[in-house]
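What follows is a single structure, written as C-alpha cells, with notes after it.
Please treat every number below as a calculation from the coordinates, not as lab data. Bear in mind the structure is a predicted one, so any value in this text is a computation, not a measurement. We place every Cβ from the backbone using ideal geometry, glycine too, and count neighbours over all the protein chains shown.
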Amino acid sequence: MSEPTTERTEAAEGAEQPDFLKVTDLHAGYGQARVLQGLDFSVARGEVCAILGPNGAGKTTTLRALCGMVRGRGSVTLNGTQLLGRSPEQAARLGVAHVPEGRGTFNDLTVEENLRVGAHLRSRRRAERAAVAADLERIYGYFPKLRQRSRQAAGSLSGGEQQMLAIGRALMLRPSLLLLDEPSLGLAPLVTRELFEIVRAVNEEERTTVVVVEQNAQLALDIAHRAHVLEAGRLALSGPAAQIREDGQVAEVYLGVSVSARKTG
Amino acid sequence: MTELLQQVVEGLGSGAVYASLALALVLIYRFTGIVNFAQGELAMLSTYVAWQLVASGMPFWLALPVTLAVSFAGGMLVERIVIRPVQGAPELTVVIVTVGLFIFVNALAGLIWSFTVKDFPQPFPDGGLDLAGVRVDWSTLGIIGVVAVVMGLLYLLFQHTPIGLVMRAAACNPASARLSGIRVNRVLMLGWGLAATVGAVSGVLVAPLLFLEPNMMGGVLIYAFAAATLGGFDSPVGAVVGGLFVGVAETLTGAYVDVIGADLKVGVPLVIILAVLLVRPQGLFGRAAVERA
C-alpha cells in the first residue's frame, strides 16, 4: 500500500569524509600515569577502525578520552565538533555511543528497559516515539535473542547476551560514532564471531562509524577497514586492515599474536 | 483475640509512619549509596513548615501539598549544596556530613520555632470503625491510606514513566547512564527531592500523635532504620514491609511482654537491627552484594 519509507538518508550523502573523527596530539592518563603520549589518527565516515596493541598500550584510554570518561589534552573532533573537555553525557548528546569494557548493562532493568534508556534522549520528543519503537524492532532484528528475553532482567542474561544488549542500547542512541571496548572479553569464540558479524552488518547497513578496541586482533581485522596498532601510548603502525593482516611479521612483533600462522591454518 | 487484633491494628498505624521514613532512607540509599542520618530531621523541618502554614490560617489539606512541594525543592537544594561537594569522597566522610546536617537542621528548627512543644492539628476526624470488636480509628486508617497512596504514586513514577526509568538506570549503573546521555547529577537531585517529600509525609502524619518539637523524629528515625535494615536497604518494598513489621512488633512486645512494657519498647528496633545484621545482613528483600560476572 504505502511507499517504502525506510530509505537510508546516509546513502544519499555519499561524500567521503576522511577526517570524520580526527584525533590530533592526544595526551591522556589517570592522575600521575600518562598513558597516551601524543596520538594522531583519523577515521573516515562509515569506516570500521580497529585499535590494536598489547595490554597497557592505551587502547581503552583512547576510547575513554573520546567519550569523555577521562580528560585529555590535544584535540578530538567529530564532524568538526570538539569532543575533548566534554562529559560523557554531553558526548552522548553529540552522537558518541560508548560500550564500555565489561558490558555496562543496567542489570536491574529488563532488556527492553535497557534499550529504552538508550533512546531516552530521543524519546522525550513526542514526534520521535514511533521512531524509537521502530528502532526497538531494528535492534531485535539484529539480536533475535534479545527479543525472546525482552521482559527478563538484564542481570540474568548470559555474558554474550549482555554484550549484545550493551551494543543494542548504544545503537538506540542512533550514534554517529560507536565505540566498542573489548567486545570479545570473556565470551566464547562462537558468540564473539556472531557479535562481530552483527557489528559488520550494522556498519554496512547504517554506515555507522565504528572504533573497536580488541585484544583479539584477528577478529577485529576481519571486520575493520583500517587498523592502528598502539604501543606504549603511541601509534606504532597504521594502515588498511588487510595490509596489517598480511604484514605478518610486524603484527607478530606488535600484537604478540601469530597472524601469519593462523592465516595458513 | 480481639485484644490481639486491636494491638496489631495500632501497630500497623505506627508501622505505616516508620515505613514512609524508611522509604525515604531507601530512596537515597538506592540513588547515592548514602545512609542519610539527617532524613528524620529534614522530615521534622517539613513538619514545621506545615505547622507554620496551618498556624497562619491555611486549611490542612491545602497546607499538605504546599509542604510537600517545599520539601521537594528543599531536598534538591540539600543535595546540590551539602552532598554534591562530597560526592565520591570516602563513605565515612559522607556519613559525617549527614550527621552534621542532622545537628544543623535540628538547631535551625530550634532557632526558628524554639524548643517548646507545639500542638499539631489532627487532620483526620475523631472516632472510627468497629470491625467485629476491633476499633479502627479514622486517624489510623488515614495514616495507612496516605502512606499507601504515596507508595502507589512512587511505584507509578518509577515503573511507568520515562523519568522513572531514567532514575532507575542512573541508580543501577551511573557510569553507563552517563554514557547514555543521562545527567546523573540531576537524577541525584531529584532522588533527594523525592526522599525529602516522602519523609515529610511521615513527619506530618506522626506529628499529631506526638508533639511537634525539634527532636520529634529522633525515635521515629531509629524505627525507620530498623525497618530499612529488616526489609533490605536497597528495597523499597522491603522498607514498607519492614516498617509495618517493626510497628506491629513494637506494640505487641510493649503490650504482652511485661519485662519490656511501654518504657523499654524503644529497644525493640535495636534488637531487630542486631538480629538482621547477624542472621541476614542484606535484609529480607535486599540483595547481597554479589553479581554475576
Listed residues B:V49, A:V43, B:M167: farthest to the positive end of the dipole of the protein assembly as shown (Cβ charges): A:V43
Likely footprinting exposure, B:L153, A:L178, A:L190, B:L68, fewest C-beta neighbours within 10 Å first: A:L190, B:L153, B:L68, A:L178
Exposure proxy order (Cβ contacts within 10 Å, fewest to most) of B:Y18, B:Y256, A:Y142: B:Y256, A:Y142, B:Y18
Ellipticity estimate at 222 nm from DSSP helix runs (n ≥ 4, -39,500 (n - 2.57)) divided over chain A, nearest 500: -11500 deg cm²/dmol
Residues whose placed amide H lies under 5 Å from that of A:L235, excluding near-sequence neighbours: A:D40
Loop sites in the range A:94-135: trypsin sites (Lys or Arg not before Pro), DSSP, at most 16 other Cβ within 10 Å: A:R124, A:R125
Cα gyration tensor, the range B:160-293 - rounded (a/c under 1.5), prolate or oblate: oblate
Excluding exposed DSSP-loop GluC sites (Glu not before Pro) (at most 11 other C-beta within 10 Å), longest clean stretch of chain A: A:17-265
The protein assembly as shown: radius of gyration and largest Cα-Cα distance (Dmax), Å: 28.6, 91
Chain A: DSSP helices with Cα axial extent of at least 24 Å and average Kyte-Doolittle hydropathy no lower than -0.5: A:189-206
Helix axis angle, B:60-78 relative to chain B longest principal axis, alpha carbon, degrees: 30
Amide H contacts of A:T110 (H built 1.01 Å from N, under 5 Å, at least 5 apart or other chain): A:A154
Dipole moment magnitude, nearest 20 debye, the protein assembly as shown about Cα centre, only Lys, Arg, Asp, Glu C-beta charged: 940
Sequence-distant aspartates and glutamates (8 or more away, or on other chains) whose Cα lies within less than 17 Å of A:K59: A:D25, A:D40, A:E101, A:D181, A:E182, A:E214, A:E231
Against the rule of thumb 2.2 N^0.38 Å, how large the Cα Rg of chain B comes out: 0.99
Förster radius 60 Å - calculated FRET efficiency between B:A107 and A:D19 (Cβ-Cβ, nearest 0.05): 0.50
Length added when fully stretched, B:L156-B:L129, from 0.36 nm per residue minus Cα-Cα: 6.7 nm
Exposure proxy ranking, count of Cβ atoms within 10 Å, fewest first, for B:D130, B:D258, B:D234: B:D258, B:D130, B:D234
Three-way shape label, the range B:1-129, alpha-carbon gyration tensor, a/c 1.5: oblate
Furthest towards positive pole of dipole, B:G40, B:P65, B:G88, structure part the range B:1-100, Cβ charges: B:G88
Qualifying trypsin sites (Lys or Arg not before Pro) for the range A:148-215 [loop in DSSP, other Cβ within 10 Å: at most 14]: A:R151
Label-zone membership for the range A:203-244, site A:E137, 7 angstrom Cα→C-beta point, backbone N under 18 Å: A:206
Helix B:162-172 axis, angle to chain B major axis (alpha carbon atoms, nearest 10°): 80
Cα-based helix-to-principal-axis angle, B:138-160 vs chain B, degrees rounded to 10: 20
Cα pair distances exceeding 23 angstrom across the range A:9-110, given as percent: 30
Amide H contacts under 5 Å for A:V48, placed H, 5+ residues apart: A:V210, A:H225, A:R226
Gain in span if fully extended, A:A242 to A:A130, counting 0.36 nm per residue against the direct Cα distance: 36.3 nm
Per residue Cα convex hull volume in Å³ - calculated over the range A:170-230: 88
Spin-label pair A:N55/B:N215, simplified geometry with 7 Å Cα→Cβ offset, distance in nm: 5.9
The range B:82-239: C-alpha gyration tensor shape, a/c 1.5 cut-off, then a/b vs b/c: oblate
Most fluctuating residue given options B:A89, B:A228, B:A55, as computed from a GNM of chain B linking Cα atoms under 10 Å: B:A89
